[in-house]
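As structure tokens, the structure follows; a few thoughts come after it.
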Amino acid sequence: MKLTSIISVNFNQPEVTLAFLQSVKNNTSGLPIELILVDNGSKVDHGAEFLAAYPGLKYLRSEQNLGFAGGNNIGINIASGEFLLLLNNDTEISNNLIQVLTETMDKNPEIGIISPLILYYDQPDMIQYAGFTEMNYLTARNKGIGNMEINQGQYEKQSRETAFCHGAAMMCRRADLSTVGQMAENYFLYYEELDWCEQFKRAGKKIWFTGQTKIYHKESMSVGKESSIKTYFMTRNRMLFIRRNTSWVNTFLFSCFYIGIACPKQILIYLKKGRKDLVKWVFKGVLWNFSHSKTSNYLGFKI
């Protein structure tokens, strides 16, 4: 087997990250891998604990939080594996993950990036991801395949093209990045993996899903449900994604829909839930796109 570089990012989650390191250690024995962990500006440096938990770990620390893409890109820059496997630190893996993903990539050179079946860690019989449908670029909406279905093995034999990978677990070839490029860092949080998939598509590569292996995801441990940071970046980046990946005509039509229908609807939902505190972040997310270019790295949110 060829060398796989596993890359993960920690931000103020030492216990979660230690569990992740143990999962990798338990499920990759004898396999040619290197494990790279990037600390993304955590308040406390737990590097000594991480290195003790996983001897041979490549550990890097950024003094500031560079976001999902920025943190992973630090790891990508020092990776030496032919394959790069980006895993969220709030995941635990299965023992055939590396073998299935690398063999699938080897057999199918047209694949640019691949994700496995993703199950919820707290409800391991519940599916989070089994692929995505195509994007409607006028509304920036698509659907998750298999989401919230009970796992009865219905996807375990599938290996197929899909519209987008899932950021919690995705593998690509390091050689392809000379053409595709790294993840765009101006998203900071949310939509960056969808944008990356668009870059792979433009390079003539396919986006792939396999149900022949799986991971378990401790979803939303970093951000939580309906938080200000999640509201802001989901609003901001949905529009940014369209700006970066479609024509100006489509962007104009989407903007009419988004500002006239989608955002007012979301604001009404927040008001009905008694979450007036989130309304201003919808406005801020939209307004950011009118005051910054589609390549701007300014966040507009104090982290």
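The values are calculated or read from the model by the stated rules, or taken from the named source; none is laboratory data. In this text the structure is predicted, and so the values were computed from the model without any measurement. With ideal geometry, Cβ positions are generated from the backbone for all residues, glycine too; neighbour counts draw on all protein chains shown.
Tallying residues that are more than 22 Å from Leu35 (Cβ to Cβ) and outside any strand (DSSP E or B) within the stretch 95-119 yields 4. The single residue among Gly204, Gly274, Gly260, Gly211 that is closer than 30 Å to Ile111 by Cα and exposed (fewer than 15 other Cβ atoms within 10 Å of the Cβ) turns out to be Gly204. Filtering the stretch 1-59 to residues that are assigned to a loop (DSSP other than H, G, I, E, B), closer than 22 Å to Ile113 by Cα and touching a Pro at 6+ places or on another chain (Cβ under 8 Å) leaves Met1, Lys2, Leu3. Scanning the stretch 74-104 for residues that are under 17 Å from Glu156 (Cα atoms), in contact with a strand residue (DSSP E or B) (Cβ under 7 Å, 6 or more places away or on another chain) and of a type outside the set (S, T, N, Q) yields a total of 5.
The set of residues in the stretch 61-79 being surrounded by fewer than 17 Cβ atoms within 10 Å (Cβ to Cβ) and over 18 Å from Cys172 (Cβ atoms) consists of Arg61, Ser62, Glu63, Gln64. Pairing each residue of the stretch 45-68 that is free of Cβ contacts under 8 Å to residues at least 60 places away in the same chain with any residue that is of a type outside the set (D, E, K, R) and part of a loop (DSSP other than H, G, I, E, B), provided the two are 6+ apart or on different chains, yields C-beta distances under 7 Å for Phe50/Leu57; Leu51/Leu57; Ser62/Gly41; Glu63/Gly41; Gln64/Gly41. Scanning the stretch 128-161 for residues that are loosely packed, with under 13 Cβ neighbours inside 10 Å, in contact (Cβ under 8 Å) with a residue 40 or more places away in the chain and on the phi > 0 side of the Ramachandran plot yields a total of 0.
Name the residues in the stretch 277-303 that are small (Gly, Ala, Ser), surrounded by 13 or more Cβ atoms within 10 Å (Cβ to Cβ) and within 23 Å of Trp248 (Cα to Cα), would you? Spell out how you get there, then give the answer.
As a first pass, look at the stretch 277-303 and keep what is small (Gly, Ala, Ser): 285, 291, 293, 296, 300.
Okay, now just the ones that are also surrounded by 13 or more Cβ atoms within 10 Å (Cβ to Cβ), so 285, 296, 300.
Residues satisfying the conditions are Gly285, Ser296.
When residues in the stretch 54-86 are screened for being hydrophobic (A, V, I, L, M, F, W, C) and touching a Lys or Arg at 6+ places or on another chain (Cβ under 8 Å), 5 of them pass. Every condition in (1) surrounded by fewer than 19 Cβ atoms within 10 Å (Cβ to Cβ); (2) among the charged types (D, E, K, R); (3) more than 23 Å from Glu103 (Cβ to Cβ) holds for Asp90 except the one numbered (1). Just to be sure before I move on: is Ala168 surrounded by 14 or more Cβ atoms within 10 Å (Cβ to Cβ) and in contact with an Asp or Glu (Cβ under 6 Å, 6 or more places away or on another chain) in the structure I sent? Here the answer is no, as Ala168 does not meet what is asked.
Would you mind finding the one in Gln99, Gln128, Gln154 that is out of contact with any Gly (no Cβ under 9 Å at 6 or more places or on another chain) and either modelled with pLDDT of 95 or more or not basic (Lys, Arg) (or both)?
Gln99
For the stretch 146-205, a residue qualifies if it is within 20 Å of Leu119 (Cβ to Cβ), within 11 Å of the chain's Cα centre (by Cα) and part of a loop (DSSP other than H, G, I, E, B), and the qualifying residues are Phe164, Cys165, Gly167, Ala168.
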